[in-house]
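*Asks:* Dropping the structure in here first, questions after.
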Amino acid sequence: MEKQINEFLEKIKDAEKQESQGQYFNAAFLYKDAIKIGRNSKNQTKLKYCKNKMIEMNLKSKKEYKQAGFTQKIDNKKIDTLIKNFFGKDGLDTILKKIGMESTFRPSCEKIKGMKVPVFTFLASTSVVSEDGHVVKGGEDSEKMWFSQMYSLDQDFVMAIYVEKMFLKLMSRKGVNRLNSKNLINYLENSKVFNDKNFSIIKRGIERYFARDYVSTMHILIPQFESVFLDISQKLGIDITKINDTEDISTEKKTLSQWNFEEERFIKAWGKDLCQQIKHVFFDPLGFKLRHKVAHGEIDINECNFRNATLMTYFYIVLASILKVNK
């Protein structure tokens, strides 16, 4: 134990030396290593010091991070042709059902896992840092980090190239086949998927979406999704009730978490790719984690945008469409 304490203190000295030399990136890793060594020690003062220092160093080292970007030319005429063929001569309800059922709009887990992971991700120490300096859970796993990064890119690509364009084209239509608040609410309501209690609130979220009030859209549709997803999962045969670990017998609805989407019962009911998509968008610390951000007041105003609000609306179309088919 004494040896471990000495290693703990030495690692702190190494971190402080790097910090004094302005090497904040290195210092952050050393403070993190110190926490690993000393986390079981009784020196809570030093541990608190290391935690705060690690966050401080992560924030100071932001300028040391290099952000790579890429551009890809997209033939808009080809995309327009694909969308036109997808729509065909169908009415709005049929198109919405097709959108909800289309597997192309859900990134393929197997395809992304099949991508070659760059060697440098295994050779270098990896860590994922949030905007406020915290080290993100799972960020040290090179393969998991790479998968999440590639998944995010694929998800954004799907939204930018297909889903957003489809929504905009449907919104620009005239008459009964135009995508507007009234017609979408009717489609969702006619699916008989959502209970009256939840749907009275979901309707407000849909109305705010078409009013371009994306802050309200996100804060209404995201919390409601967890409840309706569990209710629909129950209709698909999944047990959503838990018995509380107390002396007296009491029960309550289970809380949805990222781990549920790795369970065979959820994957069997909803499909692997949809489970991964929901997990990545709503829950995964390495993903968008929008549910966590809204629930804890951490979402940024810039995240309450057309793309994310459209994505939330899309998920409700998916729920309505899939259960219609399963019926």
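*Asks:* Can you say whether E140 is in the same structural domain as I112 (by TED's automatic domain parsing), farther than 23 Å from K84 by Cα, outside any helix (DSSP H, G or I) and modelled with pLDDT under 95, as far as the supplied structure shows? Give the derivation first.
*Replies:* Details: in the same structural domain as I112 (by TED's automatic domain parsing): yes; farther than 23 Å from K84 by Cα: yes; outside any helix (DSSP H, G or I): yes; modelled with pLDDT under 95: yes.
Spelling it out, E140 is indeed in the same structural domain as I112 (by TED's automatic domain parsing), farther than 23 Å from K84 by Cα, outside any helix (DSSP H, G or I) and modelled with pLDDT under 95.
*Asks:* Next question, about the same structure. Please determine, by comparing only the residues of the stretch 143-166 that are of a type in the set (F, W, Y) and buried (at least 16 other Cβ atoms within 10 Å of the Cβ), which one is nearest to A309 (Cα to Cα).
*Replies:* Step one: list which residues in the stretch 143-166 are of a type in the set (F, W, Y), which gives 146-147, 151, 157, 162.
Okay, now just the ones that are also buried (at least 16 other Cβ atoms within 10 Å of the Cβ), so 146-147, 151, 162.
Details: W146: 26, F147: 24, Y151: 19, Y162: 15 Å.
My answer is Y162.
*Asks:* While we're here: What's the total number of residues in the stretch 239-257 that are exposed (fewer than 10 other Cβ atoms within 10 Å of the Cβ) and of a type in the set (A, V, I, L, M)?
*Replies:* 2
*Asks:* With respect to L230, is the statement that it is of a type in the set (A, V, I, L, M) and either outside any helix (DSSP H, G or I) or within 14 Å of the chain's Cα centre (by Cα) (or both) true?
*Replies:* Considered against the rule, which asks whether it is of a type in the set (A, V, I, L, M) and either outside any helix (DSSP H, G or I) or within 14 Å of the chain's Cα centre (by Cα) (or both), L230 comes out as no.
*Asks:* Of everything in the stretch 150-176, what is over 24 Å from R106 (Cα atoms) and either assigned to a loop (DSSP other than H, G, I, E, B) or modelled with pLDDT of 95 or more (or both)? Give them in sequence order. Even if it seems obvious, please write down each step before you answer.
*Replies:* First, pick out the residues of the stretch 150-176 that are over 24 Å from R106 (Cα atoms): 172-176.
Residues satisfying the conditions are S172, R173, K174.
*Asks:* Kindly check whether there is at least one residue in the stretch 180-200 that is of a type in the set (G, A, S), free of Cβ contacts under 8 Å to residues at least 24 places away in the same chain, at negative phi and assigned to a loop (DSSP other than H, G, I, E, B). Give the derivation first.
*Replies:* At the first step, the residues of the stretch 180-200 found to be of a type in the set (G, A, S) are 181, 191, 200.
Restricting the remaining residues to those that are free of Cβ contacts under 8 Å to residues at least 24 places away in the same chain gives 200.
Then keep just the ones that are at negative phi; that gives 200.
Still in the running and assigned to a loop (DSSP other than H, G, I, E, B): none.
No: zero hits.
*Asks:* Which pairs have Cβ atoms under 6 Å, sit 6 or more apart or on different chains, and link a residue in the stretch 29-44 that is in contact (Cβ under 8 Å) with a residue 40 or more places away in the chain to one that is in a helix (DSSP H, G or I) and buried (at least 19 other Cβ atoms within 10 Å of the Cβ)?
*Replies:* Sorted first by the residue in the stretch 29-44, then by its partner, the pairs are K32/M54.
*Asks:* I've got another one for you. Within the bounds of the stretch 123-131, is there any residue that is in the same structural domain as L82 (by TED's automatic domain parsing), surrounded by fewer than 17 Cβ atoms within 10 Å (Cβ to Cβ), under 30 Å from A27 (Cβ atoms) and modelled with pLDDT of 85 or more?
*Replies:* Taking every residue of the stretch 123-131 in turn, none turns out to be in the same structural domain as L82 (by TED's automatic domain parsing), surrounded by fewer than 17 Cβ atoms within 10 Å (Cβ to Cβ), under 30 Å from A27 (Cβ atoms) and modelled with pLDDT of 85 or more.
*Asks:* Residues that are at pLDDT 90 or above and out of contact with any Cys (no Cβ under 6 Å at 6 or more places or on another chain): which helices (runs of 4 or more DSSP H) entirely in the stretch 1-105 hold 2 or more of them?
*Replies:* 2-20, 44-60, 76-87, 92-101
The values are calculated or read from the model by the stated rules, or taken from the named source; none is laboratory data. All figures in this text were calculated on a predicted structure; none of them were measured in a lab. Cβ sites come from the backbone with ideal geometry, for glycine too, and all protein chains shown count toward neighbours.
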